[in-house]
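To start, the structure under review is shown below, and the notes come after it.
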Amino acid sequence: MASVSLQNVTKIYGTDTVALDDVTFDVDQGEFVVILGPSGAGKSTLLRILNGLTPPTEGTIEIGDERVGGKRDEVAMVFQLHYLVESMSAYRNALTGALGRTGWLRSVLTWYDESDKRGALDALDTVGLIDEAGQRAGSMSGGQKQRVGIARALVQEPELLLADEPVSSLDPKAARDVMGYMKTAAMERNLTTVASLHQVNIAREFGDRFIGIRDGSVVFDGGPDELTMDVIDDLYYGGDASKAGPAEAISGSPDSESELAPETSDTGVQA
Ligand code: ADP
């Protein structure tokens, strides 16, 4: 049984902006799927639809056995910007992942269950921040903040973890660290994960499977061995490799060159 199932999902904004065009795929329980594609391809729209934040124009989405009809607590999201409360500790930020269970009043009164408190510490341990649990989020590095964001998502005890460009604001080393922790967390908890990334070389290191989207349509669906240079060129440049040098193509989408410039030597992409 697929953990996530999209059937003929189309999203049209306004009258004629087709963000997703008849997208169908299944994701198995525990699979770590990376969504790739150029800017404007429809990646964020896809994640927002999976999260129940945006309704599809047509088509159906099922998570587990249930059809998605709105925002669901079983789905947790890690954002590009971590949205932490900077004045609170890493631990308290992680604990807010339990808000869906705890309710607003209890959280204001800081009445969390012991199991939620244990869950927050476990989650911080998973992302390698147990020793920093008491540290103020505002004093942490970008990578550490993003790891707190992952811990908060884990405390939510989701069935599905979504991540929208979770490492795009980080330098390559921090980006790899964060992706490594996210992958470990997903593996330890057999957590189905769908993450969009524009750094293809980082994506290759961590994805079990890649879904390439261009102009709202799925143009590639395969494993790391199938994600060749030709596939990447086709995904980002419509197969016209003359529009991009190979290094640029394997580093990321055209809108992310500066951030990715140091990464062109260690990609390991097969020609
Ligand atoms: P990506 O995440 O791959 O950059 P998006 O899902 O953000 O792509 O966007 C896909 C298309 O939908 C783009 O043409 C974008 O301009 C359009 N779009 C995204 N969000 C909205 C919105 N809220 N209203 C209108 N058009 C949108």
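Derivation of every value follows stated rules applied to the coordinates shown; laboratory data play no part. This is a predicted model, so every value here is computed, not measured. In this analysis, Cβ positions are derived from the backbone assuming ideal geometry, glycine residues included, and neighbour counts consider all displayed protein chains.
Among the listed pairs LYS145/LYS183; LYS11/LYS173; LYS11/LYS145; LYS117/LYS173; LYS11/LYS183, a Cα-Cα separation exceeding 25 Å is found for LYS11/LYS173; LYS11/LYS145; LYS117/LYS173; LYS11/LYS183.
Each of LYS117 and THR60 was given a label point 7 Å from its Cα along the Cα-to-Cβ line. The distance between the two points is 4.5 nm. Give, rounded to the nearest 20 debye, the magnitude of the charge dipole that segment 77-217 has about its Cα centre when Lys and Arg contribute +1 at Cβ and Asp and Glu contribute -1 at Cβ. Taking the Cα centre of segment 77-217 as origin, the dipole is about 120 debye.
Among HIS198, HIS82, the ranking by other beta carbons within 10 Å of each residue's beta carbon, starting with the fewest, stands as HIS82, HIS198. Computed about its Cα centre, the charge dipole of segment 1-151 is approximately 660 debye, with only Lys, Arg, Asp and Glu carrying charge at their Cβ. About the centre of its Cα atoms, segment 29-74 shows a dipole size close to 280 debye [charges on the beta carbon of Lys, Arg (+1) and Asp, Glu (-1) only; nearest 20 debye].
For segment 1-151, the residue among GLY138, ILE12, PRO55 whose Cα projects farthest onto the positive side of the dipole built from Cβ charges is GLY138. At a Förster distance of 35 Å, what's the computed FRET efficiency of ARG136 paired with MET187, Cβ-Cβ distance as r, to 0.05? So, using R0 = 35 Å, E works out to roughly 0.70.
Net length available on complete extension from ASP28 to GLU74 is 15.0 nm, with 0.36 nm assigned per residue and the Cα-Cα distance removed. How far is it, in nm, from the label point at MET229 to the one at SER217 when both lie 7 Å from their Cα along the line to the Cβ? Taking the two extended label points, one gets 2.6 nm.
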